[in-house]
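Participant: Structure provided below as structure tokens; questions to follow.
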Amino acid sequence: MDQNSYRNLIAKRSSRLDRQLLRSALAGVSVIYRSAVAARNIGYNTGLLKSCAADVPVISVGNLTTGGTGKTPLVVWLCRRLHEKGRRCAVLTRGYKTADGEIRDEPAILKKACPDARVLVNPDRVAAAEQAVRKFAADVLIMDDGFQHRRLRRDLDILAVDATCPFGYGRLLPAGLLREPPRAIRRAHAVIITRYDQITPLQIDRLERQIMRIKSDIVVAKAIHQHPCARGTGATTCSMDDLKKERIFAFCGIGNPEAFLKRLREQGLNIAGKRIFNDHYNYSESDFADIQKAANAANATMILATEKDWVKTALMAKKFNELPFLYLAVALEFVAGVDKIDALIDDVLTNKKAGEDAN
């Protein structure tokens with residue numbers, strides 16, 4: 001089952017009997033998953049499972065749901081912010097479906113967008129933290145997708161919450177998209193509502209109140225995803241105005257494909273065709289050949305993907321050279337609360353340093 005079909009299933013967009021039976025089966029598995037998550041959290045909360053502290057501040061960026069909340073642009077923003085503050089930053093990422101040390105998918109994007117930061121791919125975040133400090137002299141660590149990884153202790157927990165689907169249809173995996181129940185927000189210090197501009201003010205107000213009911217003193221900020229242009233190999237760029245003149249064939253393999261396609265429509269682009277792959281899809285040359293064939297059949301003049309998909313296919317795309325192939329650039333822009341996030345960061349950096357000096 002592909003990503004879109006799965007989302008349609010758990011969103012209950014069909015009342016067919018076979019779909020109802022499948023949802024019931026997923027709900028049964030979800031009960032087992034919930035029990036495992038609860039047991040693990042109890043273990044860490046009671047000290048039965050041990051967490052390890054790093055020698056430098058650790059800032060975790062994570063989410064409650066699986067895929068597509070805007071964590072990567074947030075990590076990029078944090079890296080650049082810390083660099084402006086004169087810090088030597090390292091990003092710790094598990095690298096989903098990658099071997100230790102392999103740079104691809106989100107790690108490749110981070111390495112490209114944050115050349116001043118070290119990107120370490122290792123599912124063992126404690127070992128990666130030790131390496132970042134010992135080998136690369138990092139003085140602050142960002143744990144990418146770290147909210148559920150409690151073995152490495154963090155000094156600041158930031159949650160990215162996608163405004164368009166904040167609580168994963170209200171059910172835990174696999175019956176919904178939640179990795180933990182919403183009450184897990186109590187562990188976080190801050191929530192950043194991403195894609196803030198894609199829902200109504202009334203919905204935003206309701207979402208904020210939901211978050212504050214779970215943790216009344218949590219810092220809440222709001223951000224949007226800006227798309228300044230499309231980029232390709234080398235210095236190739238295409239302005240949004242020029243993109244509107246093209247017939248676009250779009251493809252992606254991400255956690256929230258509809259958000260990407262919706263964004264293209266909102267930008268006024270002419271979508272001649274599309275193809276959706278599963279999240280973290282490993283493309284082959286035959287996959288890209290099929291994309292090219294479908295794009296030509298749709299009379300497209302350009303192929304457009306997310307950056308995550310572009311970094312995995314750009315090299316193989318050179319073998320075809322039939323249509324221009326670019327990715328939609330994205331940058332996080334805060335519309336509210338950035339000063340509060342900055343204050344949290346400064347507080348963590350100052351307090352950790354004060355503790356080191358005291359020792």
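A short reminder: the numbers here are calculations on the coordinates, not readings from a lab. Note that this is a predicted model, so its numbers are computed, not measured. Virtual Cβ from ideal backbone geometry, glycine too; neighbours counted across all protein chains shown.
Participant: Given a cut-off of 24 Å, name the pairs among Lys244/Lys308; Lys111/Lys274; Lys222/Lys274; Lys85/Lys135; Lys71/Lys215; Lys12/Lys222 whose C-alpha atoms lie farther apart than that in the structure shown. Show your work: numbers first, answer last.
Facilitator: Working: Lys244/Lys308 22 Å; Lys111/Lys274 28 Å; Lys222/Lys274 30 Å; Lys85/Lys135 21 Å; Lys71/Lys215 21 Å; Lys12/Lys222 29 Å.
Among Lys244/Lys308; Lys111/Lys274; Lys222/Lys274; Lys85/Lys135; Lys71/Lys215; Lys12/Lys222, the Cα-Cα distance tops 24 Å for Lys111/Lys274; Lys222/Lys274; Lys12/Lys222.
Participant: Between Ser216 and Arg231, 0.36 nm times their residue separation minus their Cα-Cα distance comes to what?
Facilitator: My answer for the length gained is 1.2 nm.
Participant: Determine the gain in length on full extension of the stretch Asp55-Glu266; use 0.36 nm per residue of separation and subtract their C-alpha separation, reporting nm with one decimal. Walk me through the intermediate numbers first.
Facilitator: Values: separation 211, 0.36 × 211 = 75.96 nm, distance 4.51 nm.
Result: 71.5 nm gained on full extension.
Participant: Would the stretch 229-329 count as rounded, prolate or oblate if I go by the C-alpha gyration tensor, calling it rounded below 1.5 in a/c and otherwise prolate when a/b exceeds b/c, oblate otherwise?
Facilitator: On the way: a/c = 1.31, a/b = 1.15, b/c = 1.13.
The shape class here is rounded.
Participant: So what is the relative contact order for the stretch 172-268, in percent, with contacts set as C-alpha pairs under 8 Å and at least six apart?
Facilitator: On the way: 62 pairs, mean separation 21.4, N = 97.
Relative contact order comes out at 22 percent.
Participant: Here is a follow-up. If each residue of separation counts as 0.36 nm, what is the full-extension length gain between Arg247 and Lys135 once their alpha-carbon separation is subtracted?
Facilitator: Numbers: separation 112, 0.36 × 112 = 40.32 nm, distance 4.82 nm.
Working it through step by step, the gained length comes to 35.5 nm.
Participant: Sort Met316, Met302, Met143 so the one with the fewest other Cβ atoms within 10 Å of its own Cβ comes first.
Facilitator: Working: Met316 15, Met302 23, Met143 26.
Least crowded to most crowded, the residues run Met316, Met302, Met143.
Participant: If you put +1 on each Lys and Arg Cβ and -1 on each Asp and Glu Cβ, how big is the dipole of the stretch 3-46 around its Cα centre, in Debye rounded to 20? Each step should come with its number before you reach the end.
Facilitator: Details: 8 positive and 1 negative charges, 39 e Å.
The dipole of the stretch 3-46 has a size of about 180 debye.
Participant: Another one. Among DSSP beta bridges lying fully in the stretch 229-329, give the percent that are antiparallel, nearest 5. Numbers along the way, then the final one.
Facilitator: Numbers: 5 of 18 bridges.
If we restrict to bridges inside the stretch 229-329, about 30 percent are antiparallel.
Participant: I'd like the antiparallel share, as a percent to the nearest 5, of DSSP beta bridges with both residues in the chain.
Facilitator: Numbers: 11 of 51 bridges.
Antiparallel bridges: around 20 percent, rounded to the nearest 5.
Participant: Okay, next question. So what are the three principal axis dimensions of the stretch 119-204 from its Cα atoms, in whole Å, longest to shortest?
Facilitator: On the principal axes, the stretch 119-204 reaches 48, 27, 22 Å in Cα extent.
Participant: Moving to a separate point now. Ranking request for peptides 6-18, 335-347: highest mean number of other beta-carbon atoms within 10 Å first, then the rest in descending order. Provide the component values of the computation, followed by the final result.
Facilitator: Values: 6-18: 12.7, 335-347: 15.1.
Going from most to least packed, we get 335-347, 6-18.
Participant: So what is the calculated 222 nm ellipticity per residue for the chain, using -39500 (n - 2.57) for each DSSP H run with n of 4 or more, over all residues, to the nearest 500 deg cm²/dmol?
Facilitator: Numbers: 11 runs with 146 residues, N = 359.
Dividing the helical sum by the residues of the chain leaves -13000 deg cm²/dmol.
Participant: What nm distance separates the two modelled labels at Asp2 and Thr200, each placed 7 Å from Cα along Cα→Cβ?
Facilitator: Between Asp2 and Thr200, the simple spin-label model gives 3.2 nm.
Participant: Given points 7 Å out from each Cα along the Cα-Cβ axis, report the Asn351 to Ala314 separation in nanometres with one decimal.
Facilitator: 3.9
Participant: Determine the shape class of the stretch 3-46: with a ≥ b ≥ c the square roots of the Cα gyration tensor eigenvalues, call it rounded for a/c under 1.5, and otherwise prolate if a/b is greater than b/c, oblate otherwise.
Facilitator: Prolate, since a/c reaches 1.5 and a/b exceeds b/c.
Participant: Using +1 at the C-beta of Lys and Arg and -1 at the C-beta of Asp and Glu, which of Ile248, Ala317, Phe260 has the Cα lying farthest in the positive direction of the dipole of the stretch 229-329?
Facilitator: My answer, from the dipole projection, is Ile248.
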